Amino acid sequence: MENDTKTEILTQETVPQPQNACETLDQVIQSRRKFRSLLFHILYAVDALNYEVSAQEIAGKLNREYETDIDLNGSIIKIVTSIGGQKEQLDQMIIPFLQNWKFERIGKCTLLILRYAIWEMINTDTSHNIVINEAVELAKCFSEKDAYKFVNGILDKVSAKHRNIEE
């Protein structure tokens, strides 16, 4: 995704802000975490179906069957679609940092978390530290037991390389 569309995707919906003086930072963080978790679930479903079913179709089905209210033209759908379109490039950013590990051995959930986090690093203005922390939290919830350590290590290296390229 080109940088000129960064602003379009990085909206109040993507990065929730306090809506009033009573809303705490914890509530905002929980809102962001829920957003990322929902995005991960839709990304997982789309990937499991080999990208033959769109994120919009998956979200529509969730809306109908689980009475969710996912915006079918919102940020989650745009981000999942973008990640799907860039998955080969995102994977190529992971491979150089695999030491004593084969790409094919990365668990599906771990790979999807890495793709999403790297996508967020290169396509948004979100602090890399926040992206890494949120990816670690997703890995603790959805990946293998110690995968969060692997995710943290890979993303630290990707972040450092990305910062060097920007400088």
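Residue-by-condition table, conditions (1) aromatic (Phe, Trp, Tyr); (2) touching a Lys or Arg at 6+ places or on another chain (Cβ under 8 Å):
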residue	(1), (2)
Asn123	no, yes
Ser127	no, no
Asn133	no, no
Phe142	yes, no
Lys145	no, no
Tyr148	yes, yes
Val158	no, no
His162	no, no
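Close Cβ contacts (under 8 Å, 6 or more residues apart or on different chains) running from residues in the range 65-78 that are in contact (Cβ under 8 Å) with a residue 60 or more places away in the chain and closer than 19 Å to Tyr44 by Cβ to residues that are assigned to a loop (DSSP other than H, G, I, E, B) and acidic (Asp, Glu) comprise Gly74/Glu13; Ser75/Glu13. Within the range 125-167, restricting attention to residues that are at pLDDT below 95 and under 18 Å from Val80 (Cα atoms), which residue is surrounded by the fewest Cβ atoms within 10 Å (Cβ to Cβ)? Among those residues, the one meeting the criterion is Asp125. Reported count of residues in the range 84-102, each being under 14 Å from Leu112 (Cβ atoms) and in contact with a Gly (Cβ under 9 Å, 6 or more places away or on another chain), is 0.
The values are calculated or read from the model by the stated rules, or taken from the named source; none is laboratory data. As the structure is a computational prediction, the values presented were derived from the model and not from experiment. Glycine gets a Cβ as well: all are built from the backbone with ideal geometry, and neighbour counts include every protein chain shown.
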